[in-house]
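Visitor: What follows is a structure written as structure tokens; I'll ask about it next.
The values are calculated or read from the model by the stated rules, or taken from the named source; none is laboratory data. Computed from a predicted model, the values in this text were never measured in an experiment. Neighbour counts run over all protein chains shown; Cβ positions are idealised from the backbone, glycine included. We work out accessible area using only protein heavy atoms, side chains counted, and drop any ligands, DNA or RNA first. Shrake-Rupley method; radii C 1.70, N 1.55, O 1.52, S 1.80 Å.
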Amino acid sequence: MSERGAAGTNDGDRDGWSGSAETAELAERAHLLDRSDPLATTRERFSLPPGLIYLDGNSLGALPTAVPERVAETIRRDWGQGLIASWWDAGWWEAPQRVGELIAPLLGAAPGQVVVGDSTSVNVFRAVVAGWRLAQQDDPGRTEIVVDDTTFPTDGYLAASAGRLLGARVRRAHPTDVNAFDEHTAVALINHVDYRTGRRWDLPAVTSRAQRAGARIVWDLSHSAGAMPVDLDRHGVDLAVGCGYKFLNGGPGAPSYLYVRSELQDRLDQPLPGWSSHAEPFAMEADHRPAPGIVRARGGTPEILSLLALEAALEVWQGVEIEQVRAKSLALTGFFMECVDALTEPGRFRVLTPRGDDRGSQVSLSAPDAAALLPRLADALVVGDHRPPDVLRFGFAPLYVGFTDALRAARTLARVAGRRDVTAG
Ligand SMILES: *Cc1c(COP(=O)(O)O)cnc(C)c1O
């Protein structure tokens, strides 16, 4: 396979080029960037339809090639033949912690602090209530849950429901607001990257503001982990949750992860315990006695099939440094914005994503006809998504998207948005 083939890029682009000198220069740069990309070959670890430029990995990550066989084997051999013994013989029972240890390096977490299971929504609820209870242990007078006012909807819904259950006031605050937290705040729930604009908030600064006010902090890393370092231990984060099926490529409905800082684990009083978080699950005791360590953050029976699909998916990270991923992510999204500037009519799209490094791994553009452009992009084999009312989102997963892909996507966008002098590629 040629280097550019390995990077999944399309050679025809350069040869068929009919644009201006400026756009020919972009094509040359894309080519050089792909050639010097240390992550160019990780695309071979995924099965993607040929010719497709998939820019929606921030919503549903691509399929890693190791997954289908692993899932088939788990079903045929471990379920079909091993049956109940597979809980021990095939390592099912320990899988939530084992898969947690595979995710931990991506989060900057030392061992023993991450467990996998249940949806992100469920773990948001678990973490917010657990954070509330930790805060109450120190100061029972605290009355408030603070939620990021740009939050992904599910987080806001769950915080509101937790607030009703706990008798807490739920207040919305902007992540940059230096007065967001005060002596009333028990727990704060903040998204690391704004799913709509792609803006990245300052995790260390917000964490220390919340903690200085005496509050516990919960980060939702769904749009950051797997695309950039998050360094949870280094920044003293209390609790964090995130999605298994976006940049972690675990497949539709993959279980999510929950991080609980070591020092807090003995005091953790989570709202959804189950027999699998019990110190002696098979003693079948009437009362819940929490297991030591991160196991006490588990709930009921783990969702083995999707958990083991996620485990196989995490093999794509072997030999990959998250710093390399971040460097490529910034370069890719920056290059895509540059191509959009150069190739689309001035004023046709407004770039919502920050141009500085305060961004995640997506580029969001607004245009009144955003929803109508999406199927036309898909017809030309460029997949992005749309968020109401007028936002087009393009997610760049550095493990399987290249620079020539970014250029081809921008050219296609320029074409479907009405420019006739730019070939779609
Ligand atoms: C994708 C995402 C979720 C998804 O939660 P589910 O329970 O998997 O539906 C939650 N929070 C954020 C910030 C997300 O980006």
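Visitor: Here are some residues: Arg77, Arg70. Which one is out of contact with any Asp or Glu (no Cβ under 8 Å at 6 or more places or on another chain) and not small (Gly, Ala, Ser)? Break it down into steps so the answer makes sense when it comes.
Guide: Numbers: Arg70 fails: out of contact with any Asp or Glu (no Cβ under 8 Å at 6 or more places or on another chain).
Among Arg77, Arg70, only Arg77 is out of contact with any Asp or Glu (no Cβ under 8 Å at 6 or more places or on another chain) and not small (Gly, Ala, Ser).
Visitor: Can you pull out every residue in the range 112-128 that is among the hydroxyl-bearing types (Ser, Thr, Tyr) and buried (at least 20 other Cβ atoms within 10 Å of the Cβ)? Walk me through how you get there before you give the answer.
Guide: Start the filter on the range 112-128 by keeping residues that are among the hydroxyl-bearing types (Ser, Thr, Tyr), which leaves 119-121.
Correct list: Thr120 only.
Visitor: Is it the case that the range 278-286 has a residue that's modelled with pLDDT of 95 or more, open to solvent by 10 Å² or more (accessible area, probe 1.4 Å) and under 19 Å from the mean Cα position of the chain (by Cα)?
Guide: Checked the range 278-286: no residue is modelled with pLDDT of 95 or more, open to solvent by 10 Å² or more (accessible area, probe 1.4 Å) and under 19 Å from the mean Cα position of the chain (by Cα).
Visitor: Which of (1) open to solvent by less than 20 Å² (accessible area, probe 1.4 Å); (2) more than 15 Å from the ligand (Cβ to nearest atom); (3) β-branched (Val, Ile, Thr); (4) not in a strand (DSSP E or B) is the odd one out, the single condition Val230 does not satisfy?
Guide: (2)
Visitor: Among the residues of the range 129-157, write down those that are within 12 Å of the ligand (Cβ to nearest atom), open to solvent by less than 40 Å² (accessible area, probe 1.4 Å) and in contact (Cβ under 8 Å) with a residue 24 or more places away in the chain. If you could, list the steps in order and put the result at the bottom.
Guide: Residues of the range 129-157 within 12 Å of the ligand (Cβ to nearest atom): 147-148, 150-157.
Imposing the further condition that a residue be open to solvent by less than 40 Å² (accessible area, probe 1.4 Å) reduces the set to 147-148, 150-151, 154-156.
Selection gives Val147, Asp148, Thr150, Thr151, Thr154, Asp155.
Visitor: Give me a count of the residues in the range 239-253 that are buried (at least 24 other Cβ atoms within 10 Å of the Cβ) and touching a Ser or Thr at 6+ places or on another chain (Cβ under 8 Å).
Guide: Looking only at the range 239-253, we keep the residues that are buried (at least 24 other Cβ atoms within 10 Å of the Cβ), and these are 239-250.
Checking which are touching a Ser or Thr at 6+ places or on another chain (Cβ under 8 Å) leaves us with 241-244, 246-247, 250.
Going through the range 239-253 one residue at a time, the tally reaches 7.
Visitor: Against the condition touching a helix residue (DSSP H, G or I) at 6+ places or on another chain (Cβ under 6 Å), hydrophobic (A, V, I, L, M, F, W, C) and open to solvent by 10 Å² or more (accessible area, probe 1.4 Å), how does Ala406 come out, does it pass?
Guide: Working: touching a helix residue (DSSP H, G or I) at 6+ places or on another chain (Cβ under 6 Å): yes; hydrophobic (A, V, I, L, M, F, W, C): yes; open to solvent by 10 Å² or more (accessible area, probe 1.4 Å): no.
No.
Visitor: Does Arg376 fit the bill of being open to solvent by less than 10 Å² (accessible area, probe 1.4 Å), outside any loop (DSSP other than H, G, I, E, B) and either basic (Lys, Arg) or farther than 27 Å from Asn249 by Cα (or both)? Quick ask: steps written out before the conclusion?
Guide: Values: open to solvent by less than 10 Å² (accessible area, probe 1.4 Å): no; outside any loop (DSSP other than H, G, I, E, B): yes; either basic (Lys, Arg) or farther than 27 Å from Asn249 by Cα (or both): yes.
Judged against the criteria, Arg376 is not a match.
Visitor: Further question: Filter the strands (runs of 3 or more DSSP E) completely within the range 161-225 down to those with at least 1 residues that are in contact (Cβ under 8 Å) with a residue 60 or more places away in the chain. Let's see the steps before the verdict.
Guide: Numbers: elements: 169-173, 185-191, 216-220.
Here the list reads 185-191, 216-220.
Per-residue answers, yes or no, for (1) part of a strand (DSSP E or B); (2) aliphatic (A, V, I, L, M); (3) closer than 27 Å to Gly57 by Cα:
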position: Pro96; (1), (2), (3): no, no, yes
position: Leu102; (1), (2), (3): no, yes, yes
position: Ala135; (1), (2), (3): no, yes, no
position: Val147; (1), (2), (3): yes, yes, yes
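Visitor: Say whether the condition of being away from the ligand (no atom under 11 Å from the Cβ) and over 14 Å from the mean Cα position of the chain (by Cα) is met by at least one residue in the range 241-258.
Guide: No, the range 241-258 contains no residue that is away from the ligand (no atom under 11 Å from the Cβ) and over 14 Å from the mean Cα position of the chain (by Cα).
Visitor: Which residue out of Val122, Val206 is touching a strand residue (DSSP E or B) at 6+ places or on another chain (Cβ under 7 Å) and not aromatic (Phe, Trp, Tyr)? Walk me through how you get there before you give the answer.
Guide: Details: Val122 fails: touching a strand residue (DSSP E or B) at 6+ places or on another chain (Cβ under 7 Å).
Exactly one residue qualifies, and that residue is Val206.
Visitor: Out of the residues in the range 245-269 that are touching a helix residue (DSSP H, G or I) at 6+ places or on another chain (Cβ under 7 Å) and aromatic (Phe, Trp, Tyr), state the one that is nearest to Phe46 (Cα to Cα).
Guide: Of the residues in the range 245-269, the ones touching a helix residue (DSSP H, G or I) at 6+ places or on another chain (Cβ under 7 Å) are 248-251, 253-260, 264-265, 267-269.
Filter once more, so that each one left must be aromatic (Phe, Trp, Tyr): 257, 259.
Details: Tyr257: 22, Tyr259: 27 Å.
Restricting to residues being touching a helix residue (DSSP H, G or I) at 6+ places or on another chain (Cβ under 7 Å) and aromatic (Phe, Trp, Tyr), the top hit is Tyr257.
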